[in-house]
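Have a look at this one before I ask anything.
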There are 4 protein chains.
Amino acid sequence: MIIIMHPEATPYEIDNVVAGGEAKGWQTHRSRDSGQTIIGLQGKGQPIDPFHLGQMPGVEDTMAITQKFKLTSRAFRREDTTFTIGQVIIGSNRLAVIAGPCSVESRDQLMETAHAVKEAGATFLRGGAYKPRSSPYSFQGLGEQGLKLLAEAREATGLPVVTEVMSPTKVALVAVYADVLQIGARNMQNFDLLNAVGKAHKPVLLKRGMSATVEDMLMAAEYILAHGNNQVMLCERGIRTFDNKYTRNTFDVNAIPLLKELTHLPVIADPSHAIGVRRHVQAVTLAGVAAGADGLIIETHPNPDQAVSDGDQSLTLPQFSELMAQVRKMAKAVDKTVW
Amino acid sequence: MIIIMHPEATPYEIDNVVAGGEAKGWQTHRSRDSGQTIIGLQGKGQPIDPFHLGQMPGVEDTMAITQKFKLTSRAFRREDTTFTIGQVIIGSNRLAVIAGPCSVESRDQLMETAHAVKEAGATFLRGGAYKPRSSPYSFQGLGEQGLKLLAEAREATGLPVVTEVMSPTKVALVAVYADVLQIGARNMQNFDLLNAVGKAHKPVLLKRGMSATVEDMLMAAEYILAHGNNQVMLCERGIRTFDNKYTRNTFDVNAIPLLKELTHLPVIADPSHAIGVRRHVQAVTLAGVAAGADGLIIETHPNPDQAVSDGDQSLTLPQFSELMAQVRKMAKAVDKTVW
Amino acid sequence: MIIIMHPEATPYEIDNVVAGGEAKGWQTHRSRDSGQTIIGLQGKGQPIDPFHLGQMPGVEDTMAITQKFKLTSRAFRREDTTFTIGQVIIGSNRLAVIAGPCSVESRDQLMETAHAVKEAGATFLRGGAYKPRSSPYSFQGLGEQGLKLLAEAREATGLPVVTEVMSPTKVALVAVYADVLQIGARNMQNFDLLNAVGKAHKPVLLKRGMSATVEDMLMAAEYILAHGNNQVMLCERGIRTFDNKYTRNTFDVNAIPLLKELTHLPVIADPSHAIGVRRHVQAVTLAGVAAGADGLIIETHPNPDQAVSDGDQSLTLPQFSELMAQVRKMAKAVDKTVW
Amino acid sequence: MIIIMHPEATPYEIDNVVAGGEAKGWQTHRSRDSGQTIIGLQGKGQPIDPFHLGQMPGVEDTMAITQKFKLTSRAFRREDTTFTIGQVIIGSNRLAVIAGPCSVESRDQLMETAHAVKEAGATFLRGGAYKPRSSPYSFQGLGEQGLKLLAEAREATGLPVVTEVMSPTKVALVAVYADVLQIGARNMQNFDLLNAVGKAHKPVLLKRGMSATVEDMLMAAEYILAHGNNQVMLCERGIRTFDNKYTRNTFDVNAIPLLKELTHLPVIADPSHAIGVRRHVQAVTLAGVAAGADGLIIETHPNPDQAVSDGDQSLTLPQFSELMAQVRKMAKAVDKTVW
C-alpha cells in the first residue's frame, strides 16, 4: 500500500498516518516525490480499509501496488517522467544522445571528441574518470584529473557531462563536476552506492547489470527513488547469454518496450556495450530507436585503435557523425526528433 | 579448401580432382551451386598448392575458408543470395512479410486470415499443419487436412504458403502443398530432417534453435546447402536467457547485422516468438527492420484469445494492418520498401 | 484428470468412460501402463465429479494432477520405476554404468573398449553408429555397420548395448541391434522421434536438451510414456550457460535431486559431455553419484587423442578403471553399490 | 612478466628493477606476498630478456604468466594456499564448515544457532549484519548491533565469525568484529570494495557473481591479492541460467575442479544459495564435497519459516546436524575429514 500525502500535509498529519500503519503491524517507509510525502506500508500487517485511510487528515490518495517495485511503476505514475538537464528534456519525444570516449585519456583526446560530437548533434558528453576494470593491472582512470577535464570540456562546448561513480565515498566529489551520475553495470546492485546517489539530488544513469532481470533493474532504481530522487534514466546495455563468439553481449531490445510499459522512467540504449563491435553499432543503435528508446549512449574516440579501453566498440568521429544522420531518419520514422 | 569447378567441367575432370584430393589424404565432399560442382576438402590431408590445383582441367577457382561454415559464408559468396518465390524476390531491398496463424484450425479461420493479411500487404501466408507441442496432450495440428486448407488459401489469395515439416518422412508430402518448408527451432539440429529438406529443392525457412549460437545456425544451414539447395532463409526467433518473467524469449537483434556480415543468405525476423507478448510485437518488429532484416514472419489470428496455440503473441487482423503501416514507414527509413 | 481403468476393464467400459468425458467437452487421451489403460482428460470441459466417475464400471482410480507432466510425475506413481535390462535393474540402489566410445570406429577399437570396460565393472556398452554432428563434413558414423559391431561386442562381453537413433525411420532398424535406444540432446524435442521410440517397446535413454528446462525434459518423456513405454531413463548431460571458456557445458547437478523428487523415472548422469574435459570427468562423476544419480554414462576410448569425435572428454581405458574404483567408494558413502 | 624479489632485496634494488621495466615501456605493479615483493610488468613494452633480468641484484625469480590472472594462478604458486583462522586450517584435507543464519535477527536466534551448529561440528559461524536486499523496503540488517551479537556468539562458542561487508566505508568497522570478511555475489566486481578488503589484512570469503565467469572471479580475487592479502577463499554459490522454475540458481559444480586446477586458493561451496530449496540442500552439499570443495557454507535457522530472509533455503538445526553426519561419510569417501 502506497499513501500519497497532500503537498500541504503537516508533519503532524504525516506522523499520524505512519503511527496508524505501525499500530496495525506494518513496516513504514517515507519518501518524497515532487514535493509530496509518500508513505509505503510493507510487510504483513493487519488489513487496512483504503476508504477509511483516505479520510485521514492530510491524505491525498492511496494505491495498492502489487508489483515489488512501487515508485518506479506505471501504477504509481501513469505519465512519463521527464526532467531537464541543461537545455535537454529527458523523456520527451526528442532523443537525448550521449557521446564520448570510454575513458578520459587526455585533454586533447577529450576536447577533440567533445567538439566533434557536439558538432554532429550529441546532447551530452560522456567519459570515464573512474573506470571499473576487470583486471587490477589495467588503466583505472585519471580520477579527479579526469573530472576536471570533463568540466573543462563542458565549458568549451556547453554539453552536460555524464560520468561514472564507483563508490559511495566519491559521490560528493563526482557530483561537483558531473551533471549526470552514472552507475555502471557491475554496480547495479551496489546498494550503498544506490543509496548515496539517491541522496545526491543529481540525475542518475543506471546501467542494467549483465545478468539483471528487468525487475532487478527496476528494484535497483527503486532504491534511488526511495530517497526522493526520481531523475533516473534506465540504460539497457546488453546482457550475458550463451553466445559470445562474435559479439560482447546480447542487446535485449525486448527490454525497451517492456520497460516503457512497466515504468514511467526514461530508457536509454547503449549499443556500444550491447554488441561490442564497432561495425555493428549502427544497426543496434537504429534498432534501439525503433523499439522506443528515449535516448542513446555511444562510445566515440578520435582514434579507437589507440584507446586505452573499449576501442573495439568505439566509433571514429566521422562514423559518429554518419550515425547521427541515420538516427535522424530513424527518429522521424517513429515520430521523434533529435535535439 | 573449396574447389569450384567450371560450369562445363566434365564428370571425368571432376572425378580427377576428387581423386587427387583423396590421394593426398583429404576427405572430399561434392555439392552443386548454381549449376557448378563444388568440391570441399576436409580433414587433415597433406598440403595442397592452390596454384597447382587451379591449373587442373575443369577447375575455375579455389578458396581457403577458415570458418567451419563454408557454403553459407560470405567468403564463399560475396553477393547477397536472392531467390524468387511466386512474385517475391527474397533477399532484395523489398521486405518479405509472412503472416498467418500459428496453427491452421479451420477453413473459416484460415481464409479470413489469408484475405486480411493479403489486403494488409503480406506477401506469404503461414500456418502450421504439423505442430511441435511440448505436451503430447496439446493439439498436434490438422496434418494433411491442414496442408490442403493452406493450398486452398493460396488458390484464393495468390499468397505462397510457408508451413512446418517435422519429420524426414513427411518432407515429400509437405512439399506437394507448400512453397516454403519451415524447420522449427526445436528441429534446427535434427540433421536427418536437414538432409531431407536439402534434397527437396524447395525453399527453406530455418528457425534458430532456442539456444543455438549464430555459428550453430550457419552450420545447420550448411547441411541444406551441401545438398545443392541454397534457397535458405535464416530466421531469428528469440533465444533463451535468464529473464523470462515478462517475455517468452529474448530477441537477439545483434544476430541480424552479424548474420548479414557472416553469410550471404537472407535473414528473417520473427517478433511474435521473440517476445511472445502481443502488445510488444510492434516494437520488436520495427527493431528487426531497423537492424537490417530482409523479411518478417508474424503470427496473426482473427480471434487470438480463442487460438488453439500461441494466442498470447498473435496479432488481431486490425493490429496486423496497423503494424504494416508502421513497417512501411520503417522500411523507408532504411531505404527499403515492402512488396 | 487421469482415470486409471481396472486391469480387467472391458473395451466397452473404456469406451464408455471416454465417451462420457468427451460429452462433457474434454479432449481424451488413452495410454497403457503396466497392463492398465489410462485415460487422460485435457482441455477445458465442464467439471466432473471424481466420486461419480469412480463409480463407473471398470474405473479403478482417478487422480487430479496439476503439473503439465502427468504419467512421468511422482503424483501419478509414488514408487521409483525400475526395469531390468539384461542382468541389471535400472533404478535400484545399484548404480548402472554405461561406458564406451563416442563413435564406433572399428571392430578393434570397439572390442578393446568393450572388454576393458566390462573388466572395470561397466554394466552397459555405449557407442554411436549414427552421429549427430554440427558439421555436415564431419564423420557421420558407420551406420548399420556400426550397429552390427555393437551387437558383436555384446555377444563377446554380455554387455547390453546403448546407441543413439536420430530419425523415426531408423527406429525399427536400431531396435534390432540395440538394447537401449538413446535420444540425443539435439533431438530431445523431436516429437516424431519421441513418438516412434514410444511405440518401440524398448528402453530409452533420453538426454536433456542443452537449453531444456527440467520441465521440458519431463514433457519430452511424457511423449514416450503416453505410448505405454515407461522404460525411460532421464539423462542430465550439461546445459548451455554464459561460461564456456574452460568447459564444454555446465553440469546441472541441481537437476538430479529435483528430478528424483518430481518423477519416478531413473536418472543417469553424463559427466563426459557435462564438463567436456577429460581430467575433470572424475570430479563431476563423483558429484553426480553424491547427488543421487541412479547411473552413469561415460565416454572411454583406447586412444582418445585419435578419436574421430569427442576425444577431449573421453577417458583412457586405465583412467576408466581408476574411475570405477572411486565410484565404488562414493557409492558406498550414499548407501549404494555398483553392479 | 612477474618478477619475484629476494626477501632481503633492498628498496634500492626494487626501485631499480621497476625503473628498468618502465624504461622499456612497461607499466609496473608492486605487491607483497609472504614477505617478498612481487613486481608485475603489464602492457606493451619492449621485450625483456628473462636471463638478463634474473641477474639483476635482488631478483630471486621471474615468471611469464599468460593468463590474465597472475597472483591467483597455479602458474604463480603451485602448492595449495592454506591459512589458519582460529583453530582451523583452510585449504587442508579437513573440510571447513561455516554455518549460521542468513541475517542476524536477535540475540536469542543467533545464540541458539551458534551453539547448535558448534555442537553439530561447524567450524565457523556465519550471519549477516549488513544485508544486500533487492528491495529497499526489505529488512536491511541490524548493522553494528548485529556485529556485536556475532562477536558475543564467538565469545560463547569459540567459533570464528564470517560476515558480509557491503561498502568500503564499513570495512574497518566490520574488521573489528569479524574474523572473515565476506564479499557478496552482487559486489564481486565492486572494485573499490575489493581494494578496501585487500588492504585490510583479514581473510576474505569472495562469492562468485551470479553471472561471473570463473575467470571473472579469479580477476576479482586478483584485486585482493594485488594488495598483498592472499587469505582469500573463493565461493561457488550458483549461477543464473535459463531454468529457475523449481530452483533459485544453478550450482556450477564444474567450477570446483576447474578452480582447483587454475588457482591455489581454497574453494568453498554454498549449497544453500546454489539451489535455494531446503529439502535439496543435502544433495548439493554432498555433490560439492565429492567434487573437491575445501569447505562449505550452509544457512541454518532455529525456525526457517519465520526467518526474515532466505528462509526457504535455511536448514533447521536438526537438519543441519543430520547433514553433518552425511558430510562426514562423504568426506571419508574423498579421503578428507571434517574438523
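If a residue has to be touching a residue at least 12 places away in the same chain (Cβ under 8 Å) and of a type outside the set (A, V, I, L, M, F, W, C) to count, how many in segment B:242-253 make the cut?
Within segment B:242-253, residues that are touching a residue at least 12 places away in the same chain (Cβ under 8 Å) and of a type outside the set (A, V, I, L, M, F, W, C) number 6.
While we're here: Would you mention how many residues in segment A:221-249 are open to solvent by 10 Å² or more (accessible area, probe 1.4 Å), more than 20 Å from residue A:102 (Cβ to Cβ) and more than 8 Å from every other protein chain (Cβ to nearest Cβ)?
Selection size over segment A:221-249: 4.
Considering only residues that are surrounded by fewer than 21 Cβ atoms within 10 Å (Cβ to Cβ) and hydroxyl-bearing (Ser, Thr, Tyr), look in segment B:85-133 and name the one that is farthest from residue B:307 (Cα to Cα).
B:92
Taking residue C:258 as meeting all but one of (1) more than 9 Å from every other protein chain (Cβ to nearest Cβ); (2) touching a residue at least 12 places away in the same chain (Cβ under 8 Å); (3) in a helix (DSSP H, G or I), write down the number of the exception.
Checking residue C:258 against (1) more than 9 Å from every other protein chain (Cβ to nearest Cβ); (2) touching a residue at least 12 places away in the same chain (Cβ under 8 Å); (3) in a helix (DSSP H, G or I), the one that fails is (1).
Give the residue that is nearest to the other protein chains (Cβ to nearest Cβ), with candidates limited to residues of segment C:57-75 that are of a type outside the set (Gly, Ala, Ser) and open to solvent by 40 Å² or more (accessible area, probe 1.4 Å).
So, considering only residues that are of a type outside the set (Gly, Ala, Ser) and open to solvent by 40 Å² or more (accessible area, probe 1.4 Å), the one nearest to the other protein chains (Cβ to nearest Cβ) is C:68.
Moving to a separate point now. Residue pairs, Cβ under 9 Å, 6 or more apart or interchain, first in segment A:1-17 and buried (at least 17 other Cβ atoms within 10 Å of the Cβ), second of a type in the set (Lys, Arg). List them.
A:2/A:70; A:14/A:30
Kindly establish whether residue B:289 is without any contact (Cβ under 8 Å) to a residue 60 or more places away in the chain, aliphatic (A, V, I, L, M) and not in a strand (DSSP E or B).
Considered against the rule, which asks whether it is without any contact (Cβ under 8 Å) to a residue 60 or more places away in the chain, aliphatic (A, V, I, L, M) and not in a strand (DSSP E or B), residue B:289 comes out as no.
Quick one: what pairs do we get from segment B:181-199, first residue in contact (Cβ under 8 Å) with a residue 40 or more places away in the chain and part of a helix (DSSP H, G or I), second open to solvent by 10 Å² or more (accessible area, probe 1.4 Å) and of a type in the set (S, T, N, Q), C-beta under 7 Å, 6+ apart or different chains?
Going by the 7 Å Cβ cut-off, the qualifying pairs are B:186/C:189.
Okay, next question. Of these, C:244, C:229, which one is in the same structural domain as residue C:162 (by TED's automatic domain parsing), of a type in the set (S, T, N, Q) and closer than 25 Å to residue B:133 by Cβ?
C:229
Further question on the same structure: Given (1) in contact with a His (Cβ under 8 Å, 6 or more places away or on another chain); (2) open to solvent by less than 40 Å² (accessible area, probe 1.4 Å), where does residue C:156 come up short, assuming only one miss?
(2)
Return the pair list, or none, for Cβ contacts closer than 6 Å from residues in segment D:29-57 that are without any contact (Cβ under 8 Å) to a residue 24 or more places away in the chain to residues that are of a type outside the set (D, E, K, R) and assigned to a loop (DSSP other than H, G, I, E, B), at least 6 apart or on different chains.
Taking only residues 6 or more apart or on different chains, the pairs are D:42/A:137; D:43/D:26; D:46/D:25.
Give the residues of segment B:165-199 that are closer than 15 Å to residue C:140 by Cβ and open to solvent by less than 20 Å² (accessible area, probe 1.4 Å), sorted by residue number.
B:190, B:191, B:193, B:194, B:198
Which residues, taken from segment A:184-202, are over 13 Å from the mean Cα position of the chain (by Cα) and either within 10 Å of chain D (Cβ to nearest Cβ) or aliphatic (A, V, I, L, M) (or both)?
If the condition is that a residue be over 13 Å from the mean Cα position of the chain (by Cα) and either within 10 Å of chain D (Cβ to nearest Cβ) or aliphatic (A, V, I, L, M) (or both), then A:186, A:189, A:190, A:191, A:192, A:193, A:195, A:196, A:200 are the ones that fit.
Can you pull out the residues in segment C:261-275 that are within 8 Å of another protein chain (Cβ to nearest Cβ) and either open to solvent by 10 Å² or more (accessible area, probe 1.4 Å) or touching an Asp or Glu at 6+ places or on another chain (Cβ under 6 Å) (or both)?
C:261, C:262
Could I ask something else about it? Determine, yes or no, whether residue C:32 is open to solvent by 40 Å² or more (accessible area, probe 1.4 Å), closer than 19 Å to residue B:138 by Cα and out of contact with any Cys (no Cβ under 6 Å at 6 or more places or on another chain).
So residue C:32 passes the test.
For segment A:90-100, state whether one or more residues are in the same structural domain as residue A:155 (by TED's automatic domain parsing), outside any strand (DSSP E or B) and in contact with a strand residue (DSSP E or B) (Cβ under 8 Å, 6 or more places away or on another chain).
Within segment A:90-100, one or more residues are in the same structural domain as residue A:155 (by TED's automatic domain parsing), outside any strand (DSSP E or B) and in contact with a strand residue (DSSP E or B) (Cβ under 8 Å, 6 or more places away or on another chain).
Another question, then. Among the residues of segment C:5-15, is there at least one that is within 18 Å of residue B:137 (Cβ to Cβ) and either in the same structural domain as residue C:265 (by TED's automatic domain parsing) or touching a helix residue (DSSP H, G or I) at 6+ places or on another chain (Cβ under 7 Å) (or both)?
yes
Going through D:205, D:218 one at a time, which residue ends up being more than 7 Å from every other protein chain (Cβ to nearest Cβ), under 30 Å from residue C:211 (Cα atoms) and open to solvent by less than 10 Å² (accessible area, probe 1.4 Å)?
D:218
Of everything in segment A:134-148 that's open to solvent by 10 Å² or more (accessible area, probe 1.4 Å) and of a type in the set (A, V, I, L, M, F, W, C), which residue is modelled with the highest pLDDT?
Ranking the qualifying residues of segment A:134-148, first place goes to A:142.
I'd like the full set of residues that are touching a residue at least 60 places away in the same chain (Cβ under 8 Å), outside any loop (DSSP other than H, G, I, E, B) and closer than 26 Å to residue B:266 by Cβ, limited to segment B:296-322.
Hits for segment B:296-322 are B:296, B:297, B:298, B:299, B:300, B:313, B:320, B:321.
Let me ask something else. Among the numbered criteria (1) open to solvent by 70 Å² or more (accessible area, probe 1.4 Å); (2) over 16 Å from residue A:26 (Cα atoms); (3) assigned by TED's automatic domain parsing to the domain that holds residue A:8; (4) outside any helix (DSSP H, G or I), which one does residue A:52 miss?
Among (1) open to solvent by 70 Å² or more (accessible area, probe 1.4 Å); (2) over 16 Å from residue A:26 (Cα atoms); (3) assigned by TED's automatic domain parsing to the domain that holds residue A:8; (4) outside any helix (DSSP H, G or I), the lone unmet condition for residue A:52 is (4).
Right, next: When you scan segment C:1-54, how many residues do you find that are within 21 Å of residue C:75 (Cα to Cα) and of a type in the set (Ser, Thr, Tyr)?
Summing the residues that are within 21 Å of residue C:75 (Cα to Cα) and of a type in the set (Ser, Thr, Tyr) in segment C:1-54 gives 4.
Hey, does segment D:130-147 have a residue that's within 21 Å of the chain's Cα centre (by Cα), over 30 Å from residue A:212 (Cβ atoms) and in contact (Cβ under 8 Å) with a residue 24 or more places away in the chain?
The answer is no; no qualifying residue exists.
May I pose another question? Among the residues in segment B:294-314, are any within 27 Å of residue A:324 (Cα to Cα), crowded, with 19+ Cβ neighbours inside 10 Å and not aliphatic (A, V, I, L, M)?
yes
Go through C:20, C:40, C:25 for me and flag whichever is over 19 Å from the mean Cα position of the chain (by Cα) and either within 14 Å of another protein chain (Cβ to nearest Cβ) or open to solvent by 80 Å² or more (accessible area, probe 1.4 Å) (or both).
C:40
Collect the residues in segment A:162-180 that are in a helix (DSSP H, G or I) and acidic (Asp, Glu), keeping them in residue-number order.
Passing the criteria: none in range.
Next question, about the same structure. Looking only at segment C:108-161, how many residues end up being in a loop (DSSP other than H, G, I, E, B) and within 14 Å of another protein chain (Cβ to nearest Cβ)?
So the count comes out to 14.
The values are calculated or read from the model by the stated rules, or taken from the named source; none is laboratory data. What you see is a predicted model, and the numbers here were worked out from it, not measured in a lab. Cβ coordinates were reconstructed from backbone atoms using ideal geometry, including for glycine residues, and neighbour counts include every protein chain displayed. Ligands, DNA and RNA are excluded from the accessible area calculation, which covers all protein heavy atoms including side chains. Shrake-Rupley method; radii C 1.70, N 1.55, O 1.52, S 1.80 Å.
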